[in-house]
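A.B. asks: One structure coming up, written as structure tokens, with questions to follow.
Bear in mind these aren't lab numbers, they're just calculated from the coordinates by the rules spelled out. In this text the structure is predicted, and so the values were computed from the model without any measurement. Backbone-built Cβ (ideal geometry, glycine too); neighbour counts: all protein chains shown.
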Amino acid sequence: MELTRRKILAIGSGTLALASLSSLPAFANLTEEAISALTGGADMGEGSVTIIAPEIAENGNTVPVGVDAPGAVEITLFADGNPVPNVATFKFGPLSASRSASTRIRLAKTQNVVAVAKMEDGSFQMAKAEVKVTIGGCGG
Amino acid sequence: MISRRDFLQVGMAASAIVGASGFGNWARLAAQQTLTQEQLLEFETFGNVSLIHITDIHGQLKPIYFREPSINIGVGENNGAVPHVTGAEFRKLYGIADGSPSHYALSSGDFSSLAQSYGRVGGLDRVATVIKAIRADRPDAILLDGGDTWHGSYTTWKTQAQDMFNVMNALAPDAMTFHWEFTLGSERVQELVEQLPFAALGQNIFDAEWDEPTELFPPYKMFERGGTKIAVIGQAFPYMPIANPRWMFPEFSFGIRDENMAAMVEEVRAAGAECVVVLSHNGFDVDKKMASVVPGIDVILSGHTHDALPEPVVVGETILVPSGSNGKFVSRVDLDIRDGRMMGYRTKLIPIFSDVITPDAEMAAVIDAERAPYLSEMTEVIGQTDSLLYRRGNFNGSWDDLICDALIRERDAEIALSPGVRWGPSLIPGQDITREDIFGVTSMSYGEAYRTEMDGAFLKVVLEDVADNIFNPDPYYQQGGDMVRTGGLGYRIDVSKPQGERISNMTLLKSGEPIDPARSYVVAGWASVNEGTEGPQIWDVVESHIRKLGTVSLQENNSVDVVGV
């Protein structure tokens, strides 16, 4: 019997499983393009956006991700290793008490979750968090 | 086995392993040439609060042998830092004399001969004696169990951990946190936790569906002791659904969640806590990073990676106290809490030399009652060993060599894989191997030994994936185990490289040929995290193999070539 990577997950043959070995630059470029389209190429600041995501996904099919950016009018989330990197855009009105949102996303493999926030003054801020997708080793 | 009387004459060096403020008196103690219970317990009571920490007992009710690792590589900032210092270098670092009791308790080297002299370690009846003595000194001491308690032996398997539950209740801890407990399945865990007469803590144990805290596992508990308020925050093993089978506890989610830890520290401080203690099952390097990221923690009682250090590691204003495993050590941590903060500390890692510490009679009776129904079947002798059998080490251990041999022979495989767990007592040359000994290194709720085929390319993916769980330079991505053990397969690993580039020179040992990425290999292994894994239980596979061998005699394992350290 010849095993494909896909089958091995179903068979249950190891204590471990697989994560992709390399990121696909094509997808990362897609994210860069999408960010450029969003910001119109404007300079990007860092420090005002916080991403809350697990370091290692318990289940790559549904990864809880939260984002918080005080003073943002809009936050867009990207998953730079997914075939379609755009995840969601959250918009906040002037009466929004907090400029934060959370959702669950599917991550195809180990990659960065990127959040780009458009601030009230029209400037842009971003943050990045790596989420590892693996099926693990063995604990002590 | 030597008698108690002989033992006192054999002892060459230090009694207890006195941390921080008490450290540095090795030479004086060495000159005394004796080792007594009084010395092991000697402690000048300090401050106004005492913590007692025991962790990672793994079901070990009775005294055992336990060899510490000789290979424990640290990466990134932890390269060369404790606990990633072993053997003679460890002894040099802490001024421990070769051949001394501390050498035997804390470091590798000459293990088999020292074990003959110093005897077994641990035993919860001895632990009970130590805890009672500390409580006699400080009646309101807080006893904290770091988890990995309800797992790891013949009787925990047979009773679904009722044995450990009953024995620990007799010790009366004030709180505990969790890891392998969850592999009992969420139904059994909930049943036991609901009956616990003490706190079951985990700020990072969340409801998986709603990603919010659970009622069953509160984040912390406040204690009023010594005229002050102490908050104990629990931190369960963060990567349970990844390192262990998620399908066994699908209702729960974990993770490090250091932002929530920081929120909990603020919450308990606002509620008047003058001292914040984290009872952690993160593993040492993760705890070290957490101490640097989360402000306001005074003490982290560290478990999971089974490290034992004679003095605390200080990160900023936080002290980290790792207390070993398998019942081998108890830590006493005395704190001076005044004016809203920790003003000082005194710690001692107490090694449980089972021939020196008198068993507590009450606890011995509780333990024997738990073991009695199974005694004849668990003490049955299956074979003997001429070799030292141990588990700890980043790449292999002789117990795992034996298990991999058993998998290859009994399951007719070319390659064997055995999980890199860190629990399991050692056996010294000349000992009988009983059924209980085999369970001590294999007991688990998903022990089915599978047999399947994997191609060479996939085997590399497996090794790379596990290697990154150990050697990722960011501790938050480490899961705290060791490398998956391989039988029939050799390889080179460069621990300094990134994921995907660490493993090379994979060789099928039987023929000496390089592993062909496109060829399919018959692989046997155990402890799959996947639901529905089929095969005989690993302990039956190992028992059958040992019966055929009669006497186990292992060659040194040189199949892993480690570079880049």
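A.B. asks: Which whole-Hz ³J(HN,Hα) couplings does the stretch B:529-537 yield from phi under the Karplus relation 6.51 cos²θ - 1.76 cosθ + 1.60, θ = phi - 60°, glycine and proline marked x?
C.D. replies: Listing the rounded values in order: 7, 8, 5, x, 5, 10, x, x, 5 Hz.
A.B. asks: Any chance you could check the Cα centroid distance between the stretch B:305-328 and the stretch B:380-444 for me, in angstrom?
C.D. replies: If we compute the Cα centre of each part, the gap is 27 Å.
A.B. asks: In addition: So which aspartates and glutamates pass the test for residue B:328, namely a Cα distance under 13 Å, with those fewer than 8 places away in the same chain ruled out?
C.D. replies: Correct list for residue B:328: B:56, B:68, B:125, B:307, B:355.
A.B. asks: Please give, to one decimal in nm, the separation of the simple spin-label points placed at residue B:372 and residue B:88, each 7 Å out from Cα toward the Cβ.
C.D. replies: With each label placed 7 Å out from Cα toward Cβ, I get 5.1 nm.
A.B. asks: Taking the dipole about the Cα centre of the protein assembly as shown, with the C-beta of Lys and Arg at +1 and of Asp and Glu at -1, give me whichever of B:214, B:80, B:263 is farthest to the positive side.
C.D. replies: Result: B:80, furthest along the dipole toward the positive end.
A.B. asks: Moving on to the next point. By DSSP, what percent of the beta bridges with both residues in the stretch A:26-133 are antiparallel, rounded to the nearest 5?
C.D. replies: For the stretch A:26-133, the DSSP antiparallel bridge percentage is about 90.
A.B. asks: Then there is this: Name all residues of the stretch B:375-416 having a backbone nitrogen under 14 Å from the label point set 7 Å from the Cα of residue B:116 along its Cα→Cβ direction, giving them as ranges.
C.D. replies: Those under the cut-off are B:386-388.
A.B. asks: Of B:358, B:347, B:383, which is farthest on the positive side of the dipole of the stretch B:327-390, counting Cα position, with +1 on Lys and Arg Cβ, -1 on Asp and Glu Cβ, and the Cα centre as origin?
C.D. replies: Selected residue: B:347.
A.B. asks: Here's something else I'd like to know. Give me, ordered by chain and number, the residues 5 or more places off residue B:315 or on other chains with an amide H under 5 Å from its own placed amide H.
C.D. replies: Counting only residues 5 or more places away or on other chains, the set is B:320.
A.B. asks: Right, here's the next one. Report, for chain B, the % of DSSP beta bridges that are antiparallel, rounded to 5.
C.D. replies: Bridges in chain B that DSSP calls antiparallel: roughly 65 percent.
A.B. asks: Something else about it: Let me know the shape class of the protein assembly as shown, please: from the alpha-carbon gyration tensor, a ≥ b ≥ c as square roots of the eigenvalues, rounded when a/c is under 1.5, otherwise prolate if a/b is greater than b/c, or oblate.
C.D. replies: Details: a/c = 1.83, a/b = 1.21, b/c = 1.51.
Judged from the Cα gyration tensor, the protein assembly as shown comes out oblate (a/c at least 1.5, b/c at or above a/b).
A.B. asks: Each residue of the stretch B:466-482 in order: what ³J(HN,Hα) in whole Hz does its phi give by Karplus 6.51 cos²θ - 1.76 cosθ + 1.60, θ = phi - 60°, with x for Gly and Pro?
C.D. replies: Ordered by residue, 3J(HN,Hα) equals 5, 4, 6, 6, 10, 10, 4, x, 8, x, 5, 9, 9, 9, x, x, 10 Hz.
A.B. asks: When the Cα atoms of chain B are enclosed in a convex hull and the volume is divided per residue, what value in Å³ results?
C.D. replies: Once divided by residue count, the hull of chain B is 136 Å³.
A.B. asks: If you don't mind, there's one more thing I want to ask. Restricting to the protein assembly as shown, compute how many DSSP beta bridges are antiparallel as a %, nearest 5.
C.D. replies: 70 percent
A.B. asks: Right, here's the next one. Once the dipole of the protein assembly as shown is set up with Lys and Arg at +1 and Asp and Glu at -1 on Cβ about the Cα centre, which of A:51, B:310, B:504 lies farthest towards its positive end?
C.D. replies: Result: B:310, furthest along the dipole toward the positive end.
A.B. asks: Please give me the summed charge of the neighbours of residue B:232: other residues whose Cβ is under 14 Å from its Cβ, Lys and Arg +1, Asp and Glu -1. Mind showing how you got there, number by number?
C.D. replies: Working: positive: B:221, B:225, B:229, B:269; negative: B:140, B:145, B:174, B:224, B:267, B:274, B:298.
Overall, the nearby charge balance is -3.
A.B. asks: Would you give the gap between the C-alpha center of the stretch B:490-504 and the C-alpha center of the stretch B:521-565, rounded to a whole Å?
C.D. replies: 22 Å
A.B. asks: Can you list the residues, at least 5 places off or on another chain, whose amide H is less than 5 Å from the amide H of residue B:199, using H built in the peptide plane?
C.D. replies: Excluding prolines and chain starts, which carry no amide H, the hits are B:175, B:176.
A.B. asks: Subtracting the Cα-Cα distance from 0.36 nm times the residue separation, let me have the gained length for residue B:511 to residue B:562 in nm, one decimal. Can you show the working numbers first?
C.D. replies: Details: separation 51, 0.36 × 51 = 18.36 nm, distance 2.14 nm.
Separation in residues times 0.36 nm, less the Cα-Cα distance, equals 16.2 nm.
A.B. asks: For residue A:110, what residues show an amide H to amide H distance below 5 Å, using hydrogens built from the backbone and excluding near sequence neighbours?
C.D. replies: So residue A:110 has HN proximity to A:20, A:133.
A.B. asks: Explain nothing, just compute: Karplus ³J(HN,Hα) = 6.51 cos²θ - 1.76 cosθ + 1.60, θ = phi - 60°, for every residue of the stretch B:95-105 in order, whole Hz, x for Gly and Pro.
C.D. replies: Using θ = phi - 60°, the values come out as x, 9, 6, 4, x, 7, x, 5, 4, 4, 6 Hz.
A.B. asks: Would you give the gap between the C-alpha center of the stretch B:141-197 and the C-alpha center of the stretch B:52-115, rounded to a whole Å?
C.D. replies: The two parts, judged by their Cα centres, are 26 Å apart.
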